[in-house]
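Peer 1: To start, I am sharing the structure in question, which I have written as structure tokens.
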Amino acid sequence: MKNDQIVAKNALYITLLIGSYFLLCKYLGVADNPYLRFLNLAFVFFGVQNAIKESVLKNEETSYINNLGIGIRTAVIAVLLSITGVIFYIELMNPNFLAVMNNSFLIGGNLSLAEVVITLLIEGMASSVISAFTIMQLYKNPEKIKIKA
């Protein structure tokens, strides 16, 4: 499987998990709880781990830098797609959600939609890099992984 396919598949998977989770929280009436946003990081970790694992096992990629790049690209694309979903949701479906986001301790303040997007982008990029570097600790020696697989 090509690297771009691995990245795209897992980025879409992360985005769908985050979107589904948000809709479930909305349905349950807890979408305004900022603490529940921390679970998004678990979805990012899961998708990045899956992308790197596919690269190591299916493509037999052993380069630390290449696999790290796959992890970071997967998370970054998922973050960009998720932010696009947030913009769509606020602009077209629920403009009041911007106030909910502004009242959370994670963003705080009276920010415009553009400022919230920049905040989410910075937060997302940081989690992308951190998750890829963290997951790569499991795959930095792929020869051991292949024995277990």
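The values are calculated or read from the model by the stated rules, or taken from the named source; none is laboratory data. Please read these numbers as outputs of a predicted model, since none were measured by experiment. Don't worry about glycine lacking a Cβ; one is built from the backbone with ideal geometry, like all the others, and counts go over all protein chains shown.
Peer 1: Could you run through region 89-118 and say how many residues are surrounded by 12 or more Cβ atoms within 10 Å (Cβ to Cβ), among the aromatic types (Phe, Trp, Tyr) and at pLDDT below 85?
Peer 2: Qualifying residue count, region 89-118: 1.
Peer 1: Among what's in region 1-57 and is among the polar types (S, T, N, Q) and surrounded by fewer than 19 Cβ atoms within 10 Å (Cβ to Cβ), pick the residue that is farthest from Ile72 (Cα to Cα). Break it down stepwise before answering.
Peer 2: In the first step, residues of region 1-57 are kept if they are among the polar types (S, T, N, Q); the result is 3, 5, 10, 15, 20, 33, 40, 49-50, 55.
Applying the additional criterion that residues be surrounded by fewer than 19 Cβ atoms within 10 Å (Cβ to Cβ) yields 3, 5, 20, 33, 50.
Values: Asn3: 12, Gln5: 14, Ser20: 22, Asn33: 28, Asn50: 12 Å.
For region 1-57, the residue satisfying everything is Asn33.
Peer 1: List every residue pair whose Cβ atoms sit under 6 Å apart, with the two residues 6 or more apart in sequence or on different chains, where the first one lies in region 24-44 and is closer than 28 Å to Ala132 by Cβ and the second, anywhere, is of a type in the set (S, T, N, Q) and part of a loop (DSSP other than H, G, I, E, B).
Peer 2: The qualifying pairs are Pro34/Ser104.
Peer 1: A follow-up question, please. Quick check on this structure: which one of Ile6, Ile52, Ile70, Ile14 is in contact (Cβ under 8 Å) with a residue 60 or more places away in the chain and over 20 Å from Ala126 (Cα atoms)?
Peer 2: Working: Ile52 fails: over 20 Å from Ala126 (Cα atoms); Ile70 fails: over 20 Å from Ala126 (Cα atoms); Ile14 fails: over 20 Å from Ala126 (Cα atoms).
Going through Ile6, Ile52, Ile70, Ile14 in turn, the sole match is Ile6.
Peer 1: Still on this structure: Between Ile77, Ile72, Ile52, which is part of a helix (DSSP H, G or I), touching a Gly at 6+ places or on another chain (Cβ under 6 Å) and of a type outside the set (S, T, N, Q)?
Peer 2: On the way: Ile77 fails: touching a Gly at 6+ places or on another chain (Cβ under 6 Å); Ile72 fails: touching a Gly at 6+ places or on another chain (Cβ under 6 Å).
Matching residue, one of Ile77, Ile72, Ile52: Ile52.
One line per residue, one yes/no per condition, for (1) at pLDDT 95 or above; (2) at negative phi; (3) in a helix (DSSP H, G or I); (4) β-branched (Val, Ile, Thr):
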| position | (1), (2), (3), (4) |
| --- | --- |
| Ile6 | yes, yes, yes, yes |
| Asn10 | yes, yes, yes, no |
| Leu17 | yes, yes, yes, no |
| Tyr27 | no, yes, yes, no |
| Asp32 | no, yes, no, no |
| Leu36 | no, yes, yes, no |
| Leu41 | no, yes, yes, no |
